[in-house]
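Input: a single structure, listed below in structure tokens.
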Amino acid sequence: MMLQLTLDHPHTPLACARILTISARAPQRGLALAQRAWHAAVDRTPEEKAHAAMTLGIALLRCDQIHAALAMLEVAREGCATLGLSIAGLYVQRARIQALRMLEQIADPLAAVRELAQAFAAAGLHDEVLRTRMEEVALLNLRGHQREALALAEELQPTLEDLGTLADHARLARSCGIALSNISRLDDALDAFARARAWFEAFGYGFDVAITRAEATMIALRREDMAGCIDELYALTRIFARYGSEQNIGYCEKRIGIAANGLGRYDEGIAAFSQARARFQALGRASHVAECDLNLGNSAYYSGLFELALASYRRAEASFERLGLRPQAILSRRNQALALRLLQRSHESLALLEPVAEELQQLGNRLEYGEVLQAQAYALDDLGAGEAALERFRQAETIVRREGNLPSAAESMIEQGWIQLRAGDAAAARERFEAALPHLEGRLNHRWRALYGFGRCVEVMGDRTAALGHYRAAVRLIADLRRRLASEHASSGIFQMAMDLFNASLRLAQELDDPQAVVELADSQRALALRRQMNSSQVWVPQEFQGELVSNSATLSEALNQKMTGAALDAALDGYVDLLLRARHQVPLPQPPEVTPDLEELRAAWSVAYPEGWMALFYLEVASGMLAVVVTIDRLVLYPIADDQTLRQALQRATQPARRMMTYGGLGDPATCWATLETLGERLIPREVWSALEPAQRLLIVPAGMLHAIPWATLRMEGRWLVECATIQILPALGTWSTLYRRQATQRAGLLLGVSEFGERAKALPGVALTLDLVAERWQGPTERWENEEATREHLLRAASEGTLRQFGLIHFAMHGQVYASKGLLAHLKLWDSDLQADEAMRLQLDGALVVLSACETMVSEVLPGEEVLNLGRAFLASGARDVIASLWQLYDRALPEMLPPLYDRLSQGTDAPTALAASQRTLIQRARTIASDDPDAILVSPLVWGSLTAMGGG
């Protein structure tokens, strides 16, 4: 074989050939030279101008400036046709086919390339015939015809030996590597990539070396060696950035997303896919946009958002079918089947997988075929066909192991273990789990199931202490997966997939009477999205998402105004959840903190922060009902709360709006009117706690489940209100306290926002001006007042983006607030012009301010599994507030003159929010004791008025 070191496009003028050769090695430098040659050609002959246009068009194409390339190639095409420059015209045509193919604007690129090869042959340019047919190999790869691509490459080999350059050998070897990878001949593919890289390096083609390295990362991804390739991909993005290759940066970002997802770094994966998608959209690469949509669906799938994942997979399939990309459409259908199975539609999943398996066998993709066998096994197991599922998992394990994908083989081993465990063979199951674990380092989304299964086997065999250790290790992995996500729904989705593990770990910790383990297990899974939001300067939403978010918020506001319900509202919310998931993770946030607090450190910190004394009540839901953990300076005690009919009735009466007047209004027989609140006080708070409380003492409460809707101040014991016995402070989680407490507003200025007129959107609030007057009069600091026309959403968001809200130590809102059908994302404040959604409140960029929400229902919550709670109060904590005072139900205009003066008098003296609120509530309680029960003003000092307000935050 004789290797020739020749110029690119050797049948063109030497100057053009030199520029194009440089362009192949260093695209940006070649483009600069081509642009200079084009400008110089203005004063030269038409022939020189046509060749300069051709050169510039090809150079632009190599720099991913496809539309500009097409425009210049059209100039070149016209010039070549006019002047009869047939050879240059063929080069131009080849470049145009490449550009149009990249934009998916050519109906049959294969036919066009074959026709061009015939034209080169007719011109006697057999070396260019070779290069054009090499383009055909690449196209066959793209269309999923890998065997045809390899056959054509074999056919071209003799011509390559005779006429090919070193670069030609390298490019064909790279195409063969891609084909071999796609039919799971991974070792052969690695050899082909290694040959291609060596040739490119010998020829000095650094750009092609980088492309070859990028293609080789697909081998690691197919073998699920995610950790082995992610650093390489990040390095390659930096290399391609130096070359100015947006397209190849996008390829690397897409693969970074795949690797990050595999490692459980879902925030990083979503960011990479989103960035790649935006890049490909700008380049007009529809097929790659669809691939990013497919992979964003995977991010939703791994996060437990199966409906969103299914919708994304179906959109991707439709795009691939439209573009004629069969392999990608097949994989989209495979992924749909996985989502259907987890939506408890296993029959549909199996029906969809059968033709997918046949098509993958036809394509020769053994790895993906093994994955489909695994998916079929999952569905069979769901349908109770355990033996058939076990056999299918074994087949899948054999196939993927043979192809070198040990993590996927380990996944099948895990599921075999669970089937054996359910069949009562704990020894065999333990062997399977133990064998799987070494192959799952860094693969958190599968490793936790192996640890859980191993622990379950150990427990069945009688070693409960060791079993709890394995459970706790698995729970930590779930926390590691969740703590990266700033989306409550995604975090909750991951928790739901691990709920059995969580319940098993709590049950065993309770049986072993290990309150330390109970607290650590429960708090490690609580409010993780909020913690992620709080520990970032802001939940960063880039400019490109602003328009979409504004439009979506407007759509939701319109839906609320029209009182939309049912499927239409759910569809709008699903779209909003998907948008927020992508927007909040468009740029990776800083590494999240650990989630398990050190109880000894917390006790010491609380003792410093609350010298008058403190006690903490930590609640959690367990299989047997509820559990309270009492934390004191020297004790940690578990108190089971029986889930019986009496407690359930009391909780329902205390939380149902229809029963609110009866429960909190003090109506009826004085001896029984507070019966519900007495029951809750007795059942939810241990008697030992009641007896130890003092009015100045801080009672830190971490609610769970339905208890987020409880007005804790109103609970009673032996004729005393809880707020009379202690200063109540709500915490989202123990692990949030330190972050919130460290926030200190450096300014005393107050911002007072009020809206009294809402047009047809809501009834007027005539007392708003008086409310703002009261606050302004009592706040010991300068105040700025935005009322009605000034209190607009646009004004508030603009101030947030400019950072001017950071100057305020107090922000008081007086307007309507609303939640809608227990859907926390729809919680909003009604400003003058439109609604401020909860997600927008998260982005206000506050600096330790106290936020007082003098608006209805601003602490009403939607509680997602995993104690991810959606309400306006938490949104303001995410935005940087230190404390929030908000309401669980409607506020009464007539009562605010009673409530606000004592609250603000204390706040102005420097008292913290929970203490000031307790003082205000106690003031009204004392007044109630001096007013006759039949006095019309008695309602103004009843728990119906003061009981709805809650202080949450650092205190």
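Considering segment 682-706 alone, what residues qualify as being crowded, with 23+ Cβ neighbours inside 10 Å and under 14 Å from ALA654 (Cα atoms)?
LEU684
Do we find a residue being in contact with a Phe, Trp or Tyr (Cβ under 7 Å, 6 or more places away or on another chain), in contact (Cβ under 8 Å) with a residue 12 or more places away in the chain and surrounded by fewer than 16 Cβ atoms within 10 Å (Cβ to Cβ) anywhere in segment 717-731?
No.
Find the strands (runs of 3 or more DSSP E) located wholly in segment 780-823 whose residues include 3 or more that are out of contact with any His (no Cβ under 8 Å at 6 or more places or on another chain), within 28 Å of TRP889 (Cβ to Cβ) and among the β-branched types (Val, Ile, Thr), and list them. Spell out how you get there, then give the answer.
Values: elements: 783-787, 808-814, 817-820.
No strands (runs of 3 or more DSSP E) qualify here.
Please go through segment 94-113 and pick out each residue that is assigned to a loop (DSSP other than H, G, I, E, B) and free of Cβ contacts under 8 Å to residues at least 60 places away in the same chain. Steps first, answer last, please.
Filtering segment 94-113 down to residues assigned to a loop (DSSP other than H, G, I, E, B) leaves 103-108.
If the condition is that a residue be assigned to a loop (DSSP other than H, G, I, E, B) and free of Cβ contacts under 8 Å to residues at least 60 places away in the same chain, then GLN105, ILE106, ALA107, ASP108 are the ones that fit.
Identify, by number, the condition in (1) surrounded by 18 or more Cβ atoms within 10 Å (Cβ to Cβ); (2) in contact with a strand residue (DSSP E or B) (Cβ under 6 Å, 6 or more places away or on another chain); (3) assigned to a helix (DSSP H, G or I) that THR663 doesn't meet.
Unmet condition: (2).
Would you call GLY417 over 30 Å from the mean Cα position of the chain (by Cα), outside any helix (DSSP H, G or I), more than 24 Å from SER184 (Cα to Cα) and of a type outside the set (Asp, Glu)? Before you say what the answer is, go through the steps one by one.
Working: over 30 Å from the mean Cα position of the chain (by Cα): yes; outside any helix (DSSP H, G or I): no; more than 24 Å from SER184 (Cα to Cα): yes; of a type outside the set (Asp, Glu): yes.
Judged against the criteria, GLY417 is not a match.
Right, ALA429: part of a helix (DSSP H, G or I), in contact with a Phe, Trp or Tyr (Cβ under 8 Å, 6 or more places away or on another chain), assigned by TED's automatic domain parsing to the domain that holds LEU451 and among the aliphatic types (A, V, I, L, M) or not?
Working: part of a helix (DSSP H, G or I): yes; in contact with a Phe, Trp or Tyr (Cβ under 8 Å, 6 or more places away or on another chain): yes; assigned by TED's automatic domain parsing to the domain that holds LEU451: yes; among the aliphatic types (A, V, I, L, M): yes.
Here the answer is yes, as ALA429 does meet what is asked.
Residues that are closer than 24 Å to ARG185 by Cβ and more than 27 Å from the chain's Cα centre (by Cα), at least 1 per element: which helices (runs of 4 or more DSSP H) completely within segment 301-365 meet that? Don't jump to the end; show me each part of the working.
Working: elements: 306-323, 326-342, 346-363.
Per the criteria, 326-342, 346-363.
Here is a yes/no grid of residues against (1) surrounded by fewer than 20 Cβ atoms within 10 Å (Cβ to Cβ); (2) of a type in the set (Ser, Thr, Tyr):
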{"site": "ALA99", "(1), (2)": "no, no"}
{"site": "LEU103", "(1), (2)": "yes, no"}
{"site": "PHE120", "(1), (2)": "no, no"}
{"site": "LEU130", "(1), (2)": "no, no"}
{"site": "THR165", "(1), (2)": "no, yes"}
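Would you pick out the residues in segment 666-703 that are closer than 14 Å to ALA726 by Cβ and not in a helix (DSSP H, G or I)?
Residues satisfying the conditions are ILE685, PRO686, LEU693, GLU694, PRO695, ALA696, GLN697, ARG698, LEU699, LEU700, ILE701.
Among the residues of segment 632-659, which ones are touching a helix residue (DSSP H, G or I) at 6+ places or on another chain (Cβ under 7 Å) and outside any loop (DSSP other than H, G, I, E, B)? Give the steps one after another, and end with the answer.
At the first step, the residues of segment 632-659 found to be touching a helix residue (DSSP H, G or I) at 6+ places or on another chain (Cβ under 7 Å) are 633, 636-638, 641, 646-647, 650-651, 653-655, 659.
Residues satisfying the conditions are LEU636, VAL637, LEU638, ILE641, THR646, LEU647, ALA650, LEU651, ARG653, ALA654, THR655, ARG659.
Hey, does segment 752-762 have a residue that's crowded, with 17+ Cβ neighbours inside 10 Å and in contact with a Gly (Cβ under 7 Å, 6 or more places away or on another chain)?
Scanning segment 752-762, I find no residue that is crowded, with 17+ Cβ neighbours inside 10 Å and in contact with a Gly (Cβ under 7 Å, 6 or more places away or on another chain), so the answer is no.
Would you confirm whether or not segment 592-612 contains a residue that is surrounded by fewer than 19 Cβ atoms within 10 Å (Cβ to Cβ), within 29 Å of the chain's Cα centre (by Cα), part of a helix (DSSP H, G or I) and in contact (Cβ under 8 Å) with a residue 24 or more places away in the chain?
No, there is no match, as no residue in segment 592-612 is surrounded by fewer than 19 Cβ atoms within 10 Å (Cβ to Cβ), within 29 Å of the chain's Cα centre (by Cα), part of a helix (DSSP H, G or I) and in contact (Cβ under 8 Å) with a residue 24 or more places away in the chain.
Restricting attention to segment 924-955, which residues are at positive phi and touching a Pro at 6+ places or on another chain (Cβ under 6 Å)? Quick ask: steps written out before the conclusion?
Here is the first cut: in segment 924-955, the ones at positive phi are 953, 955.
GLY955, the sole residue that qualifies.
If you check HIS9, HIS51, which single one turns out to be outside any helix (DSSP H, G or I) and buried (at least 16 other Cβ atoms within 10 Å of the Cβ)?
On inspection, the qualifying residue turns out to be HIS9.
For segment 114-151, enumerate the residues that are in a helix (DSSP H, G or I) and within 26 Å of ALA282 (Cβ to Cβ). Break it down stepwise before answering.
Taking segment 114-151 as the starting set, the residues that turn out to be in a helix (DSSP H, G or I) are 114-122, 126-142, 146-151.
Within segment 114-151, GLU135, ALA138, LEU139, ASN141, LEU142 qualify.
Go through segment 299-324 and report how many residues are crowded, with 20+ Cβ neighbours inside 10 Å, farther than 16 Å from VAL577 by Cβ and not aromatic (Phe, Trp, Tyr).
Selection size over segment 299-324: 3.
Name the residues in segment 651-708 that are in contact (Cβ under 8 Å) with a residue 12 or more places away in the chain and either of a type in the set (Ser, Thr, Tyr) or in the same structural domain as GLY947 (by TED's automatic domain parsing) (or both), would you?
THR655, THR663, TYR664, THR676, THR679
When you go through (1) more than 33 Å from the chain's Cα centre (by Cα); (2) hydrophobic (A, V, I, L, M, F, W, C); (3) within 21 Å of LEU853 (Cβ to Cβ) one by one for TRP721, which number turns out not to apply?
Unmet condition: (3).
Suppose the filter is in contact with a strand residue (DSSP E or B) (Cβ under 6 Å, 6 or more places away or on another chain) and touching a residue at least 12 places away in the same chain (Cβ under 8 Å); does THR237 pass it? Step through it out loud before you land on a result.
Working: in contact with a strand residue (DSSP E or B) (Cβ under 6 Å, 6 or more places away or on another chain): no; touching a residue at least 12 places away in the same chain (Cβ under 8 Å): yes.
Taking the combined requirement at face value, the residue does not satisfy it.
Would a scan of segment 926-942 turn up a residue that is in contact (Cβ under 8 Å) with a residue 12 or more places away in the chain and closer than 29 Å to GLN747 by Cα?
Narrowing segment 926-942 to residues in contact (Cβ under 8 Å) with a residue 12 or more places away in the chain: 927-928, 933, 938-942.
Next, from what is left, pick out any that are closer than 29 Å to GLN747 by Cα: none.
The answer is no; no qualifying residue exists.
Looking at (1) crowded, with 24+ Cβ neighbours inside 10 Å; (2) part of a helix (DSSP H, G or I); (3) charged (D, E, K, R), which one does GLU215 not meet, given that it meets all the others?
(1)
Filter the strands (runs of 3 or more DSSP E) completely within segment 848-920 down to those with at least 1 residues that are charged (D, E, K, R) and in contact with a Ser or Thr (Cβ under 8 Å, 6 or more places away or on another chain).
Once the strands (runs of 3 or more DSSP E) in segment 848-920 are filtered for at least 1 residues that are charged (D, E, K, R) and in contact with a Ser or Thr (Cβ under 8 Å, 6 or more places away or on another chain), what remains is 862-864, 868-870.
What number of residues within segment 60-93 satisfy the criterion of being part of a loop (DSSP other than H, G, I, E, B) and not polar (S, T, N, Q)? Don't jump to the end; show me each part of the working.
Let us first name the residues in segment 60-93 that are part of a loop (DSSP other than H, G, I, E, B), namely 63-65, 84-85.
Applying the additional criterion that residues be not polar (S, T, N, Q) yields 63-64, 84-85.
Of the residues in that region, 4 qualify.
How about segment 181-212: which of its residues are over 26 Å from ILE22 (Cβ atoms), at pLDDT 95 or above and surrounded by 23 or more Cβ atoms within 10 Å (Cβ to Cβ)?
Within segment 181-212, ALA189, ALA192 qualify.
When the residues of segment 732-770 are filtered to those that are in a loop (DSSP other than H, G, I, E, B) and of a type in the set (S, T, N, Q), which remaining residue is modelled with the highest pLDDT? Spell out how you get there, then give the answer.
Applying the first criterion (in a loop (DSSP other than H, G, I, E, B)) to segment 732-770 yields 732-733, 743-748, 755-767.
Pick out the ones that are also of a type in the set (S, T, N, Q) and you get 744, 746-747, 756.
Numbers: GLN744: 88, THR746: 79, GLN747: 79, SER756: 95.
In this case the residue turns out to be SER756.
Within segment 620-650, take every residue that is surrounded by 13 or more Cβ atoms within 10 Å (Cβ to Cβ) and among the β-branched types (Val, Ile, Thr) and give me the one that is farthest from ALA522 (Cα to Cα).
It comes out as THR632.
Is one or more of the residues making up segment 498-513 surrounded by 24 or more Cβ atoms within 10 Å (Cβ to Cβ), assigned to a helix (DSSP H, G or I), in contact with a Ser or Thr (Cβ under 6 Å, 6 or more places away or on another chain) and of a type outside the set (Gly, Ala, Ser)?
Within segment 498-513, none of the residues are surrounded by 24 or more Cβ atoms within 10 Å (Cβ to Cβ), assigned to a helix (DSSP H, G or I), in contact with a Ser or Thr (Cβ under 6 Å, 6 or more places away or on another chain) and of a type outside the set (Gly, Ala, Ser).
The values are calculated or read from the model by the stated rules, or taken from the named source; none is laboratory data. All values reported here derive from a predicted model rather than from experimental measurement. Note that we place each Cβ from the backbone using ideal geometry, even for glycine, and neighbour counts take in every protein chain shown.
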